[in-house]
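The values are calculated or read from the model by the stated rules, or taken from the named source; none is laboratory data. Keep in mind it's a predicted model, so treat the numbers as computed, not measured. Methodologically, a virtual Cβ is constructed for each residue, glycine included, from the backbone with ideal geometry; neighbour enumeration extends over all protein chains shown.
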Amino acid sequence: MDPLSRPISRRQLLRYTAGGIAVAGLGPLLAACGGGGGGGGKLSMWWWGDQEAVGVKKWVDDTIAKFKEQTGTTIDPLLMDTNNVIPKFTNAAAAGKPPDIQFIFNGIYHMENVWLGYLAPLNGLVSDNVLKTSGATVLSDFEGKQYRVGFYIVGFGLEYNKELFSKAGLNADSPPKTWDEFLNACDKLKSSGVQPLTGGIKDGFLGEWYFVNTLTQALDSPAEALDLFIGKLDWREPKYHEHWVKLQELYDNGFINNDINSLELYQGIAPFNDGKAAMTINTTAALPDSQSKLGDKLGYFVMPTFGSGKMAGIPITDTQGFGIPTKGHDHEDAAKFLEFMHSPDRLKAMWTLSKALPADDTFDSSLIDDPFLKGVYDEWWKGTHNVYVADLMPTLFWTDAMFVASQKILAGTLKGDQTGDLAAQVTEKWKKQNPDLVEKYTTWGKDLAV
Amino acid sequence: MLKTRSWAPYAYVAPAALLIGFIFAYPIARVIDFSMRLIRGNSGPFVGLNNYRLIFEDPTFVAAAKHSALLLVAVPVLLAISVLVAVLLFERVRGWRIYRSVLFFPYILAVPIIGIVASYLFTLNGVVNAILRGIGLGGPDWLGNEKLALVTLMIVIVWREVGFGIVLFLARLLSLPEEQIEAARIDGAGWWARLRHIILPELRGTIEFYCVVAAITMLAWVFGYVYTLTGGGPGNATVVLEFYIYNQGLRNSLPGMASAVAVLLMGATMIFIAVLFWVRSRAREEEVA
């Protein structure tokens with residue numbers, strides 16, 4: 001009888017099962033023996049970024065290859081989806097099986113994992129110099145410890161098409177600085193037959209970008225934003241929801257594309273890159289891509305101001321970053337890789353290979369051979385800049401207030417001056433649902449106020 | 001007669017019972033346990049029924065429950081289309097086998113693919129509206145209008161799920177004895193009479209089964225559509241219970257509250273299953289009588 005078609009006995013089944021279990025059990029044990037910080041090990045890395053800084057994967061792959069050449073350590077990267085990169089990490093960390101190196105967004109997106117003990121403080125692991133210069137921003141610190149190093153920078157502002165500005169009779173080299181100038185520009189663009197602003201808000205990310213670009217104008221410090229999110233300050237105070245009143249103003253005047261609610265972020269940006277709309281809210285990470293389509297016609301400016309907070313009119317810049325999970329199996333090698341990412345050669349390579357702008361104070365911006373992008377880098381990173389206050393936003397506020405308010409305003413079913421009530425209700429709801437986090441936020445707020 | 005010890009049958013059943021218990025009962029017990037804790041990471045302090053109280057106080061949950069209930073409207077629509085098309089195919093119209101395959105095709109496509117494609121088709125300036133405008137009917141904002149978004153979602157769900165119903169009913173019809181229908185035809189029964197007096201009574205059991213399955217689908221299997229098609233928006237116009245669970249459990253880091261909703265959803269689903277069993281047992285009793 002063919003051995004493969006012979007019936008298996010109960011005894012054989014038990015033997016094979018026991019063997020299988022033994023092999024399955026030995027696997028992690030053998031894997032655990034592979035690390036050790038002495039090089040030659042294997043690390044896993046979950047990351048995100050190529051969706052935003054298109055092309056940065058080339059740099060990541062090259063950096064991993066160079067790191068292996070120098071240390072013998074293999075990094076196994078896994079590029080994650082935007083919505084999954086943090087939740088999957090949190091779940092894996094809760095199960096005790098996180099990767100060795102983890103991409104983390106700034107602020108609350110990693111701070112909740114810090115509070116759960118899933119991320120290790122980097123002090124003592126990564127050199128103090130790299131920690132200081134790596135562009136992690138103050139939002140990566142909690143109770144004196146730093147949990148992130150920077151990756152690349154993401155500035156926030158408005159892209160504009162200089163050619164369409166000129167055709168509408170506007171000065172293409174002097175984009176609007178105040179809200180009135182902005183409305184005037186929109187009006188002239190509309191009169192010239194051009195769509196002034198384009199975007200897609202179905203997935204909510206544009207709502208977040210708008211929210212940060214405009215709420216920040218009402219604030220004196222990041223701590224003030226945090227006080228709003230935890231209910232110490234009141235959203236119903238007009239200056240704290242004025243940004244949504246202004247959004248309604250843009251909607252009522254017909255300055256925004258009428259299909260904004262049915263488009264996702266990048267679907268909404270596409271008409272700008274195709275030269276069919278004059279302006280769009282976008283990040284600096286997307287500028288090389290827009291530049292490849294619009295060339296010299298592309299310009300970038302800070303959101304025009306209506307607010308009178310100390311943070312008004314100043315560029316907003318965030319950084320993406322990496323951390324080391326507490327239960328990663330080789331902190332030492334993981335820290336070496338983070339330091340390697342910030343070595344001068346790698347910083348230079350990020351620009352030459354991917355046209356991404358590295359989050360590192362030691363990066364020599366004279367290497368940026370594109371005058372437009374160099375100007376943006378110098379203004380948004382080297383110059384005075386604000387943190388990205390959405391990094392302080394509880395996710396519940398994102399899903400139930402920011403997302404809802406911006407979409408409803410743009411659907412014409414909520415007035416800007418009604419949003420203060422909505423935001424205040426959601427803040428109270430968050431406090432009820434997360435009594436333990438209120439205390440953590442308060443502690444964090446003290447760090448930010450220092 | 002072979003004598004066995006009284007515990008022996010239990011011992012034989014025990015491994016399978018333990019396995020089933022581990023696979024099904026343990027996760028359900030964990031979800032119920034989670035629903036009464038403020039979960040942070042793997043566990044958290046016991047909070048009794050507080051999570052249940054919080055979800056009933058949450059306007060987003062109330063909206064989600066309402067939207068899930070509204071989606072049940074799609075069940076009779078699915079049933080009517082499925083039965084009607086299955087009966088038409090059963091008439092062996094020319095090329096019926098091809099139609100059957102074509103109609104079943106959407107059902108074998110992955111939900112995310114359908115969601116993504118539909119989200120392009122139904123944009124304000126998408127293909128659907130281009131066609132409507134082409135024939136002078138204008139074109140609404142299918143996904144961007146709060147009043148229409150749930151209807152659009154329902155249309156896409158029905159479009160995909162109807163294939164399963166058609167094949168199910170057609171399979172049942174093809175198993176009917178041809179003589180009965182042929183005899184009715186010879187006796188002069190028209191299409192409507194055959195449908196009403198022969199086909200529908202024969203389909204009764206399948207209809208009951210399909211209604212319950214479709215209702216469970218609407219309550220607990222539409223996440224993929226919502227996630228890819230609308231993301232719960234505009235505003236919270238298409239947030240359903242599953243999406244609320246996802247938001248609370250994964251995005252808002254509140255697995256305890258997500259579990260509480262899951263327990264309630266499981267309860268609602270079990271009611272449907274209980275109704276199915278009750279209807280089936282009553283039907284059997286009637287048949288016996």
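Observations, loosely collected:
- Restricted to region A:243-265, and to residues there that are in contact with an Asp or Glu (Cβ under 9 Å, 6 or more places away or on another chain) and of a type in the set (Phe, Trp, Tyr), the residue that is farthest from the other protein chains (Cβ to nearest Cβ) is A:255.
- Of the listed requirements (1) closer than 14 Å to residue A:339 by Cα; (2) in contact with a strand residue (DSSP E or B) (Cβ under 7 Å, 6 or more places away or on another chain), residue A:113 misses just one: (1).
- Boolean, residue A:90 is of a type in the set (Val, Ile, Thr) and either farther than 26 Å from residue B:247 by Cα or not in a helix (DSSP H, G or I) (or both): no
- Among the criteria (1) closer than 28 Å to residue A:286 by Cβ; (2) free of Cβ contacts under 8 Å to residues at least 40 places away in the same chain, the one residue A:413 does not fulfil is (1).
- Scanning region B:137-152 for residues being within 13 Å of chain A (Cβ to nearest Cβ) and either within 16 Å of residue B:224 (Cα to Cα) or not in a loop (DSSP other than H, G, I, E, B) (or both) gives a total of 6.
- Output for region B:171-195, where each listed residue is under 18 Å from residue B:81 (Cβ atoms) and charged (D, E, K, R): B:172
- Of everything in region A:255-283 that is part of a loop (DSSP other than H, G, I, E, B) and not hydrophobic (A, V, I, L, M, F, W, C), the residue that is nearest to the chain's Cα centre (by Cα) is A:264.
- Considered as a group, the residues in region A:400-414 that are buried (at least 24 other Cβ atoms within 10 Å of the Cβ) and β-branched (Val, Ile, Thr) include one that is farthest from the other protein chains (Cβ to nearest Cβ), and that residue is A:409.
- When region B:5-23 is filtered for residues that are among the β-branched types (Val, Ile, Thr) and surrounded by 10 or more Cβ atoms within 10 Å (Cβ to Cβ), the ones remaining, listed by number, are B:13, B:20.
- Region A:262-299, subset hydroxyl-bearing (Ser, Thr, Tyr), crowded, with 24+ Cβ neighbours inside 10 Å and touching a helix residue (DSSP H, G or I) at 6+ places or on another chain (Cβ under 7 Å), residue nearest to residue A:382 (Cα to Cα): A:284
- Count - residues of region A:67-86 that are part of a helix (DSSP H, G or I) and either surrounded by fewer than 18 Cβ atoms within 10 Å (Cβ to Cβ) or more than 14 Å from chain B (Cβ to nearest Cβ) (or both): 5
- Among helices (runs of 4 or more DSSP H) entirely within region A:150-231, having at least 3 residues that are without any contact (Cβ under 8 Å) to a residue 40 or more places away in the chain singles out A:179-191.
- Region B:35-74 - residue that is among the charged types (D, E, K, R) and within 10 Å of another protein chain (Cβ to nearest Cβ) and, of those, nearest to the chain's Cα centre (by Cα): B:58
- Residue ranges of helices (runs of 4 or more DSSP H) in region B:170-289 with at least 2 members within 14 Å of another protein chain (Cβ to nearest Cβ) and either in contact (Cβ under 8 Å) with a residue 24 or more places away in the chain or among the hydrophobic types (A, V, I, L, M, F, W, C) (or both): B:223-229, B:241-246, B:255-288
- No other residue among A:392, A:422, A:396 is of a type outside the set (Asp, Glu), farther than 20 Å from residue B:232 by Cβ and either buried (at least 20 other Cβ atoms within 10 Å of the Cβ) or under 22 Å from the mean Cα position of the chain (by Cα) (or both) apart from A:392.
- Which numbered condition residue A:292 fails, given (1) without any contact (Cβ under 8 Å) to a residue 12 or more places away in the chain; (2) under 23 Å from residue A:154 (Cβ atoms); (3) within 14 Å of another protein chain (Cβ to nearest Cβ): (3)
- Filtered by the rule that a residue be among the acidic types (Asp, Glu) and more than 30 Å from residue B:266 (Cα to Cα), region B:169-228 gives B:178, B:179, B:182, B:187, B:202.
- Between A:361, A:417, A:391, A:421, the distinction of being within 14 Å of another protein chain (Cβ to nearest Cβ) and charged (D, E, K, R) belongs to A:421 only.
- Region A:393-422 - residue that is outside any loop (DSSP other than H, G, I, E, B) and among the hydroxyl-bearing types (Ser, Thr, Tyr) and, of those, nearest to residue A:226 (Cα to Cα): A:395
- All positions within region A:270-286 that are within 14 Å of another protein chain (Cβ to nearest Cβ) and under 18 Å from residue A:157 (Cα atoms): A:270, A:271, A:277
- Any hit, region A:126-142, residues being modelled with pLDDT of 95 or more, under 17 Å from residue A:327 (Cβ atoms) and in contact with a His (Cβ under 7 Å, 6 or more places away or on another chain): no
- Conditions (1) within 14 Å of another protein chain (Cβ to nearest Cβ); (2) within 30 Å of residue A:431 (Cα to Cα); (3) of a type outside the set (Gly, Ala, Ser): number failed by residue A:240: (1)
- Condition met for residue A:352 (more than 9 Å from chain B (Cβ to nearest Cβ) and touching a residue at least 60 places away in the same chain (Cβ under 8 Å)): no
- Residue selected from region B:1-32 under the condition part of a helix (DSSP H, G or I) and either of a type in the set (Lys, Arg) or in contact (Cβ under 8 Å) with a residue 24 or more places away in the chain (or both), by the criterion nearest to residue B:269 (Cα to Cα): B:28
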